[in-house]
Amino acid sequence: MSVDSLEYPKVLRIYLELRQYPILSRAIRERMRQELFARGVITPEDFEEELEQKAVESQEREGITNPLYEESAADWAERLRVMRDRLTDFYFAYNLPHDLFQEIVEEAITIRSPDREVVLSFNPELSPWDMLFAQAERYEALPAKEQAAVRHHLQEIIVVLIKGMISDQLAFVGIARQYFTIADLKEIFERRIGRGKIGGKAAGMLLAWKILQRETERVGGVDLQRCVTIPESYYLGADVFYDYVALNNLHETINQKYLTRDEIEADYPSIQAAYAGGDFPRGVEQQLKKLLLQVGDAPLIVRSSSLLEDNFGYSFSGKYDSFFCPNQGTLAENQKALQDAIRRVYASVLNPNALFYRRHRGLLDYDERMAILIQKVEGRRSGNLFFPTLAGVGFSRNPYRWNPRIRPEDGFVRLVFGLGTRAVDRVANDYPRMIAVSHPTLRPEGTPAEMRRYSQHLVDLIDLEANQFKTVPLEEALAVDVPALRFLVSVDEGDYLGPMIGRQRGVSGEKLVLTFDQLLRKTEFATLLRETLRLLETHYKRPVDIEFAADIEYDHPNVELTLCLVQCRPLSRRDDSETHQMPADVPAKDTLFTASRMVPHGAVSEIEYVVYVDPGKYARIPDNVTRLELARLVGRLNKRLEDHTFILIGPGRWGSSNIELGVKVSYADIYNCRALVEIAMPRDGGRPEASYGTHFFQDLVEAKIYPLALYPGEPGVIVNQGFLDDVPNQLADLLPEDARHANLIKVIHVPSAAAGRRLNLVMNADQEKAICHLR
């Protein structure tokens, strides 16, 4: 007796008919759901929400009171599968005609039939993802001769999944569709918590890794497939950010971006507090707990991964926050720390620096949802300390050459021992190793004393016993067992720095200097970096930068290197292809300054204003309140002079986190200027570090601002102090309310001070010379 010959309730009729197709029923139900969603019977989001609710109710009926411990992940997945099928049958039976069901069945049979053409019979853009994955897997399972006929269908499904799950930025999609497979996308889907895209930072890391994994041949003597990895990663979908906002009634904060700067800055502390006290959706909390059970006590880092981050044309470098979670407490303590870190990253969406960056880049109206990238921290345990052997940031193009032999196209690297936080930001009295990848043993420093002075003295790491992120002196970090130490340090012998021979256990830690000399001389590390950067730039079709951790295994005579990519982003281009000839015979009285070290390539013409902060006067300011006010004044001048060509000249480190070393400006304070000139006055026997390679440097590149360091007293360096001191100060005319600060900051209107003439700044990287002179 056939099913059709009896009168059954509608849903039972569909169920019984589907029992006749034990294999095809999965594909049939996927098509049924696609029709439900496409015809507006129910949205995919409402369907999934009801599904989870009914699955939880079924657990309670079966006496499961603590699902996290009483039901395995496999059982939960099976429960969801069964409940999804039942819910599909119910909604279809009572909302859509049975004839449509029969058409779907016939269509599934037709696709399965080997003697008929395989076609894509639905619109992938409107289809649920489980249906797309199933269809793509069927295409991939076809015999080789049949796959050619559906390759274009498979490509379309991959593009739809990339746009929905990773990024819809077309420049990214155009590259990513060449590298991501359905298996890749399914793994991302399975590691995603909640709905929405995984964000730009996660997207860039994954794409870079896929590009490098495609290299099956040894490149430049290194095996990139074997040497390059990525961290174990999980993704909190971007839509969860809006769920969090809605659940905690934070809607009023979303439009902060349209307020004035003063209002944004004044409101931000209260916004941070509001986000810190919020709750997460119950399902998200459960999944975060399962994540913690899966990773055990491995240290974690919670990283921002907004929809706009690491994108083509704007990187948001350093604009949003990331936080380490040592993860050494109880499960409840670890989950609280993890969720607190996510809350803080969510709040950073509205931090003033990020909002001003968006405003200047014309991105205020863009929907900037925040996804979260949760990763195991790369490194190893040494005693109670946890850190990677190496970490850093690499650029495929080197804009600064301290030796004519250096090839800019081979890139440069900022390398540190320990966590990479000290590589991406300038920190007081500490220096990463700067590596010109084309000639890695060429150093900016000349003497052993300079090499020691301008080396890394502090190490960022995780103290497992204290369950916290720490910064410790180098000697303390080296007191534990550090594998391959001989490749990292040199021994200070007074008048020279020599290699460490064997373990040299009698050598005091105070005599060890982080030079990485043997790493660069005796291993393929520089080659690994060069080829990684070169290949990524080739496939991105523009310069890139990467952040990485690295490890070195040494078992004499074998050396094993591992490079773990944690980030990759395309860089903004600055068209400096024109050769800028240095003017000859410029009179001394017409020269404002010259430079002869770390000179970029470019020019700024018709400079009308110079904003000058006197280094000596800045150093004598008695309190930090005044120093901070001076930084805000620079920001007001930046706004006031936005229609004029101007440069900033000031002490030490513009943007320094150490307010005593330089004016603590942010991107919002300087984005209209054309050059940022740092007068590197000696301090405590040393000079401040230049900004290249840091997050601050990225801001300058994107805003087309030239950074330039002056080292007074060095050969070839002139600073026309008389001009800076003697010409009138226009501050009171431009900002009358700030006239009281005229003794600390001077605004020079060049035409008024120089009989109608203006300044030209010419920089020639090949000659390592720059001059700013009156026309």
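Taking the Cα atoms of the chain, the ratio Rg/Rh between the radius of gyration and the Kirkwood radius comes to 1.03.
On full extension, the segment bounded by residue 66 and residue 141 gains 23.1 nm, given 0.36 nm per residue less the C-alpha separation.
Of all lysines in the structure, the ones whose alpha carbon falls short of 21 Å from that of residue 257, not counting any fewer than 8 places away in one chain, are 319, 639. The residues of the chain present an accessible area of 42 Å² per residue when probed at 1.4 Å with all protein chains retained.
Of all DSSP bridge pairs formed entirely within the chain, close to 80 percent run antiparallel. Just name one of 461, 402, 383: the one whose Cα is farthest towards the positive end of the charge dipole of the range 381-478 (beta-carbon charges, Lys/Arg +1, Asp/Glu -1). Of the listed residues, the answer is 402. In this structure the amide hydrogen of residue 566, modeled in the peptide plane, comes within under 5 Å of the amide hydrogens of 547, 548, 549, none closer than 5 places in sequence on its chain.
Residue ranges 52-63, 299-310 sort as 299-310, 52-63 when ordered by packing (mean number of other C-beta atoms within 10 Å per residue, highest first). Taking K and R as +1 and D and E as -1, what net charge do the other residues with C-beta under 10 Å from the C-beta of residue 258 add up to? That sum, taken over residues with Cβ under 10 Å, equals 0.
Label sites at residue 718 and residue 80, each approximated as a point 7 angstrom past Cα along Cα to Cβ, lie 7.1 nm apart. Principal axis extents of the Cα atoms in the range 213-348, from largest to smallest and rounded to whole angstrom, are 56, 42, 22.
For the peptides 35-44, 598-607, residues were scored by their other Cβ atoms within 10 Å and the scores averaged per peptide; the highest-first order is 598-607, 35-44. Here the contact order of the chain, divided by its residue count and restricted to Cα pairs under 8 Å and six or more residues apart, works out to 11 percent. Between the range 220-263 and the range 327-376, the C-alpha centres lie 6 angstrom from each other.
Note on residue 380 and residue 450: with the Förster distance fixed at 30 Å, the Cβ-Cβ geometry gives a FRET efficiency of about 0.40. Computed from label points 7 Å out along Cα-Cβ, the spacing between residue 620 and residue 586 is 3.0 nm. Overall, the accessible surface of the chain at a probe of 1.4 angstrom is composed of carbon and sulfur to the extent of 49 percent. Candidate cross-link partners of residue 746 among the aspartates and glutamates, defined by an alpha-carbon separation under 18 Å and a same-chain spacing of 8 or more, comprise 608, 614, 629, 642, 669, 678, 725, 726, 733, 737, 738. For the pair residue 181 and residue 442 in one chain, pulling the backbone fully straight at 0.36 nm per residue adds 89.8 nm over the alpha carbon distance. If you take the beta carbon distance between residue 23 and residue 249 as r and set R0 to 56 Å, what does 1/(1 + (r/R0)^6) give as a FRET efficiency, to the nearest 0.05? The value I calculate is 0.70. Equivalent-ellipsoid semi-axes for the range 518-603 (Cα gyration tensor, √(5λ), whole Å, largest first): 39, 19, 11. Peptides 559-566, 164-171 ranked from most to least packed give 559-566, 164-171, packing being the mean of other C-beta atoms within 10 angstrom over each peptide's residues. If you take the Cα centroid of the range 512-551 and the Cα centroid of the range 134-204, the two points sit 29 Å apart.
The values are calculated or read from the model by the stated rules, or taken from the named source; none is laboratory data. Just so we're clear, the structure is a prediction, and the values are computed from it rather than from any experiment. Every residue, glycine among them, receives a Cβ derived from its backbone with ideal geometry; neighbour counts consider all protein chains shown. These accessible areas exclude ligands, DNA and RNA; they are computed on the full protein's heavy atoms, side chains included. Shrake-Rupley method; radii C 1.70, N 1.55, O 1.52, S 1.80 Å.
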